[in-house]
Amino acid sequence: MKSILRAFPFCYSVMSWPNRLTHVFFVCVLLAMPAAQAALLGEDATPDAVNSPKTTWHSITLDLWDKQDWSALITVCEKWGEAEPAPWEPWLCLAHAGLNSNQYQVALRGFEGYRRRVNATALTQAMLHNHAYVLSELGRYEEAIIRYKEALAADGSNHITWSNLGWVLVKVQLYEEAVETCLTSIRKRPDYAEAWGSLGAAYRGLRQYEKAIAAYEKAISFPHDNPDNARWAYWVPLGELYVLTSQQEKAQRVVDILEPMNKEMAESLRKQISGMK
């Protein structure tokens, strides 16, 4: 249960750099674009357009960002990086095109290429957070933990980064550290459902089932934070915890709630309940 960071933290950070107005403009434009499904490649956005002497890499990529044509943008950014390997811009472009299209190997190439080409002061909290997010999506949890901690060292105020770190710590079974990390997120934003969900997973790992139940019940009591995480991601473990603690009636209510959300998960939980009898 984790999220990427959007435009404003990164833009505000880079605006403090002296004499980097072009960098500020380009970076903020990239990060201000919302996530979307990759669009079909339009005739007016073909990668061959980069061969035209009347166009520039910047204008082509910004046009594709505006269209949210991530597939075409990835192709153009890769061509740009081949033609001009030294600048940071094509690598930042590639990172966020990959991130927006859920092509995490592509995004990782972009983030790593960007890191090799900029001063350490350019590695903002949001950039490090999103790099960590990509690593975690690829199952590279130990590396993700390092990047999340770097992001928090840069700016420890963001509740999403604390929550994401807690989730990754659960994945590597560092449950006690995960509990403290999730609680830090909750102290910063008490109504952040994802942090409560990760806290529930951490308590479950510690076999503290009553605390886990309380955390998941908190998670489902708040508005759904992240459209990338299905709502049943909170209900399923809560139902399983009701089964573990012999609360059959509550577990059955969860099945009824899950049915319209995810029939497969509802059926799995129903079978677990039948095993209680």
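The values are calculated or read from the model by the stated rules, or taken from the named source; none is laboratory data. As the structure is a computational prediction, the values presented were derived from the model and not from experiment. Neighbour counts are summed over all protein chains in view; Cβ atoms, including those assigned to glycine, are modelled from backbone coordinates with ideal geometry.
Any residue at all in the range 264-272 that is in a loop (DSSP other than H, G, I, E, B), under 26 Å from residue 163 (Cβ atoms) and in contact (Cβ under 8 Å) with a residue 24 or more places away in the chain? Looking for residues that are in a loop (DSSP other than H, G, I, E, B), under 26 Å from residue 163 (Cβ atoms) and in contact (Cβ under 8 Å) with a residue 24 or more places away in the chain, one finds none in the range 264-272, hence no.
Applying the criterion of being touching a residue at least 24 places away in the same chain (Cβ under 8 Å) and in a helix (DSSP H, G or I) to the residues of the range 153-163, the residue that is surrounded by the fewest Cβ atoms within 10 Å (Cβ to Cβ) is 159. Just so you know, in the range 80-93 the residues that are outside any helix (DSSP H, G or I) and in contact (Cβ under 8 Å) with a residue 24 or more places away in the chain include one that is surrounded by the fewest Cβ atoms within 10 Å (Cβ to Cβ), and it is 86. Within the range 116-139, restricting attention to residues that are assigned to a loop (DSSP other than H, G, I, E, B) and at pLDDT below 95, the residue that is nearest to residue 156 (Cα to Cα) is 124. From the set of residues in the range 94-113 that are surrounded by 23 or more Cβ atoms within 10 Å (Cβ to Cβ) and in contact (Cβ under 8 Å) with a residue 24 or more places away in the chain, which is farthest from residue 84 (Cα to Cα)? Top of the filtered list is 99. When the range 117-173 is filtered for residues that are on the phi > 0 side of the Ramachandran plot and of a type in the set (S, T, N, Q), only 173 remains.
Residue-by-condition table, conditions (1) part of a helix (DSSP H, G or I); (2) at pLDDT 90 or above; (3) within 28 Å of residue 157 (Cβ to Cβ):
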site	(1), (2), (3)
66	yes, no, no
71	yes, yes, no
75	yes, yes, no
78	yes, yes, no
95	yes, yes, yes
98	yes, yes, yes
105	yes, yes, no
110	yes, yes, yes
114	yes, yes, yes
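When residue 242 is tested against (1) without any contact (Cβ under 8 Å) to a residue 24 or more places away in the chain; (2) more than 15 Å from residue 164 (Cβ to Cβ), only condition (1) is not met. Applying a threshold of 8 Å to beta carbon distances and a minimum spacing of six or more residues, or different chains, the list of pairs starting in the range 210-221 at a residue that is surrounded by 16 or more Cβ atoms within 10 Å (Cβ to Cβ) and ending at one that is at pLDDT below 95 and among the acidic types (Asp, Glu) reads 219/194. Scanning the range 54-64 for residues that are surrounded by fewer than 21 Cβ atoms within 10 Å (Cβ to Cβ) and in a helix (DSSP H, G or I) yields a total of 5.
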